[in-house]
Number of protein chains: 4
Amino acid sequence: MFSVDPSDPTPVYAQLEQAIRGMITTGQLIPGDKLPTVRGLSKDLGLNTNTVARVYAELEQAGVVVTKRGAGTFVREAPPAPPQLERDKERELRPLVDRLLADASILGYTMSEVVHYMRALEVRHHLKEKA
Amino acid sequence: MFSVDPSDPTPVYAQLEQAIRGMITTGQLIPGDKLPTVRGLSKDLGLNTNTVARVYAELEQAGVVVTKRGAGTFVREAPPAPPQLERDKERELRPLVDRLLADASILGYTMSEVVHYMRALEVRHHLKEKA
Amino acid sequence: MFSVDPSDPTPVYAQLEQAIRGMITTGQLIPGDKLPTVRGLSKDLGLNTNTVARVYAELEQAGVVVTKRGAGTFVREAPPAPPQLERDKERELRPLVDRLLADASILGYTMSEVVHYMRALEVRHHLKEKA
Amino acid sequence: MFSVDPSDPTPVYAQLEQAIRGMITTGQLIPGDKLPTVRGLSKDLGLNTNTVARVYAELEQAGVVVTKRGAGTFVREAPPAPPQLERDKERELRPLVDRLLADASILGYTMSEVVHYMRALEVRHHLKEKA
DNA sequence: GTGGTCTAGACCACG
DNA sequence: GTGGTCTAGACCACA
């Protein structure tokens, strides 16, 4: 379900947190969905339970998920986005985009291919929302 | 010129490496261009010279740049892309894109905004190539 | 176990890397074997932990060893040798052999002595394999 | 004539010195032979003349070559080998052999192939001596 | 002045 | 306890 790359220099706890947030942002997980149990997920990913528990705790503190004792961990309703209208995209988005393009270029993808793929993803996302 | 965020759990050396690779794949750095000096860049970014030197060394070993002893570090000609014709984009690109969207969503950006920004970047890239 | 000579102009990290690779190709270290800990080896050799860690990191990136987080560093299965059938030994091996003979001659060894020693090493290697 | 690899971490001055000593040890340069001029060799190898001059100076000081003002630099008669009978080959030769085997293994050669090649070289060397 | 090597010593991620 | 990251600061190789 989620994937973690032990050879990535980013700490695995950060990778896992990003993976979960990513699945929420892209609609693969929606509010109310149940996350895997800490023990199950740590076994699947070959991680220590402490590591997974730490991620869930951080996500809970960030208000992304909620843990119901005895029931499990669930995706919360998305909080209203901060209403900042004017953003410095060049400063904020640029490093994130650079990272994507850098990683993709190592795999042999060009900038055009990546953007093309993302446009396709976006369309899929919109269709799903309307359904 | 480049930017790193010390509060990002990704190691700064990895951030810097990604930033440089990103500038190459987006055409802001082209083969033959000279990178900033190790000392100059480390001062600009508030990093230790060792950290920058490590990035340059890794990029050199990856064949992305070439360093001429006593002269500086330069962007190399791009190697021929790996010849895999059919790629499993869903498996290869998806996690990278998810990570981008996850990080962007924390900043309050939607999927549409990110894709829109990247399309603008791509257009800029093409214009530069034709110039 | 390993040895480095600080008066050798070859950087000590390179010497150590060569020593480890040498022990693998001569069969003194086999896949699955655990390397000494970074701290233990650096103490034994009188080096800084960073220097040893750098060597392990380079060997990892080269695919020679694998490090399991929190557990240690281990020799990997040898990757399949590159499939080049006809090699230009004269061009590829000659400089490496010349370097060995040059260094040995400074110590007063003749070509015959060196070759004789290597044949003995090879025999030891074969005996070990059969055992 | 000589070769130097700028991507080798060993300093080029040390590489060049080893290359020259190697050609003497293996009989490709014999006493009385004239070495290339400093300027010619530095141009051929793409090095600074200072670097080559440094090597010649070190070889001269070591008694390996002799410089005749206005005439050039020449290989000297080999000095009598130091008469140490009992040597700790394991300690002295081992690191040198490990380096060779390590470098050769990166190129895909096995221990046997290297030893076999060296035995062939040795035979060639003996034949040349008798001629 | 350019990049490269090394040390001492601190702090982090993971099991 | 394991390896990984980073800093401060010294010294070396090369043009």
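All of the numbers you see were taken from the coordinates with simple rules; none came from a lab. Small disclaimer: the values here were computed from a predicted structure and weren't measured. Neighbour counts are summed over all protein chains in view; Cβ atoms, including those assigned to glycine, are modelled from backbone coordinates with ideal geometry.
Okay, here's what the table says:
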| read-out | value |
| --- | --- |
| Residue of chain B nearest the B-to-D rotation axis [by Cβ], rounded angstrom distance | B:Asn50, 4 |
| Long-range amide H partners of B:Asp33 with built H, under 5 Å | B:Val75 |
| Cα-derived Rg over Rh, computed across the stretch B:1-86 with Rh taken as Kirkwood radius | 0.99 |
| Using a 7 Å Cα-to-Cβ projection, D:Ala78 label spacings across copies, nm, ascending | 3.3, 5.4, 7.9 |
| Karplus-derived 3J(HN,Hα), 6.51/-1.76/1.60, for each residue of the stretch B:43-53, Hz, glycine and proline x | 5, 4, 8, x, 10, 6, 4, 4, 5, 5, 4 |
| In sequence order, calculated HN-Hα J values of the stretch C:28-36 (Karplus, 6.51, -1.76, 1.60; Hz; x Gly/Pro) | 7, 10, 10, x, x, 4, 8, 6, x |
| Angle in degrees between helix B:89-106 and the longest Cα principal axis of chain B, rounded to the nearest 10 | 90 degrees |
| Scattering curve values for the protein assembly as shown, log₁₀ I(q)/I(0), Debye with Cα scatterers, q = 0.11, 0.12 Å⁻¹ | -1.09, -1.22 |
| Computed magnitude of the charge dipole of the stretch B:12-75 (debye, nearest 20; Cβ of K, R +1, Cβ of D, E -1) | 200 debye |
| Unsatisfied cross-links (Cα-Cα over 28 Å) in the set C:Lys89/D:Lys68; A:Lys43/A:Lys68; A:Lys34/A:Lys89; B:Lys68/C:Lys34; A:Lys34/A:Lys130 | C:Lys89/D:Lys68; A:Lys34/A:Lys89; B:Lys68/C:Lys34 |
| Cβ-placed point charges (K, R +1; D, E -1), dipole of chain D about Cα centre in debye, nearest 20 | 500 debye |
| Between helix D:12-25 and chain D: long-axis angle, C-alpha atoms, 0 to 90°, nearest 10 | 70 degrees |
| Whole-angstrom gap from the stretch A:1-59 to the stretch D:18-64, using each part's C-alpha centre | 60 Å |
| Whether the stretch A:83-130 is rounded, prolate or oblate, judged on the alpha carbon gyration tensor where a/c under 1.5 counts as rounded | oblate |
| Per-residue HN-Hα couplings for the stretch D:117-131 [Karplus 6.51, -1.76, 1.60; θ = phi - 60°; Hz; x = Gly/Pro] | 4, 5, 5, 4, 4, 5, 4, 3, 4, 5, 4, 4, 4, 6, 6 |
